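Before any comments, here is the structure.
The values are calculated or read from the model by the stated rules, or taken from the named source; none is laboratory data. Because the structure is predicted, anything quoted here is derived from the model rather than measured. Ideal geometry is used to build each Cβ from the backbone, glycine not excepted, and the neighbour counts take in all protein chains shown.
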Amino acid sequence: MSAVLLQRRRGCTDTDADADHASANNSTKNNGNDNGYYGLEEGNSSGGSITDTIKSSKKLRNRWGKIWNTFSWSLFFFATTAAVVIVVVIYVTRQPRPLSIPDLPNIVDIKGRVPNTKEWPLVHIVNTRFMQEQGPLETLGMARLKLFLTFCLPSMIKQSSQNFFWIIKTDPQFTATSAFILLIESVQPYQNIYVVTSNNNFLFGSAEREGSWRDGKEPLDLLRSKIYTGNFTKLSIAMALRNERPVLETRLDADDGLYMYFIQYIQAVALKRFQPNGMVLGETTQEEDITIKEEDTVPRWLYWCSRRHIEWHSDTDPSLSKEHKEKMGSTKIGYMNVIQHDKLCVTPGITIGYNVNTNSAPQYDHDKLYRNVRHSLACYEDTIIIEDNNSNNNGNDGDTAVGEEKVEKGPCLELVEDFIFCAIRSRTWTSAGMQNIDLGNREVPRGIDQKEFIEKLWRLSKDRFGVNITKVMETQNFLIQEKKMIAYENLLGQCTSGHSCKDTAKAELKRLAEKLDDKK
């Protein structure tokens, strides 16, 4: 009674207590859910339950996850696209662009000025091969460089006209040699000398590639190659004017030299033959009102060559007597003599000229040039007319057409014989053909004081070709000291692409390479 009464006094019954006790037990069995424990049920007006908060948090995380995924994929897409674009741009920019010969309006000098082409009556190219198709043969290259510095370069520096472009082509592999570095240093001061790494040639002889400066194949080859020296702006002008001016191309081997007035002479004759009255084909003068037409009496192309030259030999053959040997020179300075051909053009100085509107000409080896061209008129068109635009029939006697003028045709091959000697040639075991490299008895001049004559040749070579006797002695000494290695490397170079490999030359080179003691 007292217990019940006490509970009633507290305001609760056993039933209520049991209910409270059961509720507490149910709360503790709620699988660890703290909501029931703390009495925070759903629908609580105090601001929402923990369950709502958790659900809201999950929705927020899902929303941000979707945003992040979208952003990540977008970033990946744009990064991939950018990478592809960059790769394509790099690929395209590194691809060799189609080469084109520059147009004159697009050529400017270092000050941004368009060049004055009135100072260009013609374009004259001198072509020289230096160790082409022979790779990095160091000793042979050095020997040829010394010959170049002794005979070739001095004669070109001494030319009375420097209005030419000297293109010296060498094997790209030769750039790895010390001889190449010295070559660059020797020509660096001269703006009209261009050292180019290329094994391509386009002129002189059926074995060469077809093409010329006029048709653009030679300029394109230069643009594809690396040019180490020279004024490229002026070279670009020469390329651009190739169709608007007469073009001359002269051959000069790297161990030969030209008479000091040779270039000037060729240019003067070319302008006289190609441009009567100083006019270009298709041009009309206001004073005379005469048009020089394509079929006029001017040659379409011409050749020039010489038949008389000085030769310098590093050695003699057994046919030369001791007496004659002493009169012709010595082992210290080499041996001098002269050569006069009858119907044969020598290689140094052979020049081919293209008149305006002429893109091609027949090509011949030097030993066939005289026979095929000297007495030929193939360089002319059939008709011979100089048309006077103001002419009429008044006073025509009926014998000739109005405006017709009979003009005698000159030869298609001009012989350069105004100089006592047009060229100087060095004959050593660096030669490609190895033919007649040693001074022989048959080449000794007769009926004169040989010693006095040779002394005059040395003075002439100095005054007219720029040959320095000290350089000659240095070159001769190197050739003798390195004779065996020069012959060995020349043998290697002989049988490469682009070179003849004659059995006689091979046999002679092998003999020199295997010989232990040089001939004195």
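A few notes on this one:
- Count of residues meeting criterion [outside any loop (DSSP other than H, G, I, E, B) and under 22 Å from GLN132 (Cβ atoms)] in the range 249-262: 6
- Cβ-Cβ distances below 7 Å connect the following pairs, each with a first residue in the range 210-239 that is at positive phi, a second residue that is buried (at least 18 other Cβ atoms within 10 Å of the Cβ), and a separation of six or more residues or different chains: GLY211/GLU218; GLY216/ARG242; GLY230/ASN192; GLY230/ILE193; GLY230/TYR194.
- Complete set of residues in the range 337-346 that are in contact with a Phe, Trp or Tyr (Cβ under 8 Å, 6 or more places away or on another chain) and of a type in the set (Val, Ile, Thr): VAL338
- The set of residues from the range 223-234 being of a type in the set (A, V, I, L, M, F, W, C) and either touching a strand residue (DSSP E or B) at 6+ places or on another chain (Cβ under 6 Å) or not in a helix (DSSP H, G or I) (or both) comprises just one member, ILE227.
- Any hit, the range 465-475, residues being hydroxyl-bearing (Ser, Thr, Tyr), in contact (Cβ under 8 Å) with a residue 60 or more places away in the chain and closer than 27 Å to SER160 by Cα: yes
- First in the range 355-367 and on the phi > 0 side of the Ramachandran plot, second anywhere and part of a loop (DSSP other than H, G, I, E, B), Cβ under 6 Å, 6 or more apart: ASN357/LEU281; ASN357/GLU294
- Inter-residue pairs, beta-carbon under 9 Å, first without any contact (Cβ under 8 Å) to a residue 12 or more places away in the chain and in the range 172-199, second in a helix (DSSP H, G or I) and surrounded by 16 or more Cβ atoms within 10 Å (Cβ to Cβ), 6+ apart: ILE181/THR175
- Looking only at the range 421-439, and only at residues there that are assigned to a strand (DSSP E or B) and either touching a helix residue (DSSP H, G or I) at 6+ places or on another chain (Cβ under 6 Å) or among the charged types (D, E, K, R) (or both), the one that is nearest to GLN264 (Cα to Cα): ILE424
- Failed criterion for SER426 (all others in (1) of a type in the set (S, T, N, Q); (2) surrounded by fewer than 15 Cβ atoms within 10 Å (Cβ to Cβ); (3) under 30 Å from ALA507 (Cβ atoms); (4) at pLDDT 95 or above hold): (2)
- Residue pairs meeting the criteria (Cβ under 8 Å; at least 6 apart or on separate chains; first over 13 Å from ASP438 (Cα atoms) and surrounded by 12 or more Cβ atoms within 10 Å (Cβ to Cβ), in the range 320-343; second modelled with pLDDT under 90 and hydrophobic (A, V, I, L, M, F, W, C)): HIS324/VAL444
For (1) farther than 27 Å from GLU138 by Cβ; (2) part of a helix (DSSP H, G or I); (3) among the polar types (S, T, N, Q), each residue gets a yes or a no:
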{"site": "PHE419", "(1), (2), (3)": "yes, no, no"}
{"site": "GLU455", "(1), (2), (3)": "yes, yes, no"}
{"site": "THR470", "(1), (2), (3)": "no, yes, yes"}
{"site": "ALA487", "(1), (2), (3)": "no, yes, no"}
{"site": "ASN490", "(1), (2), (3)": "no, yes, yes"}
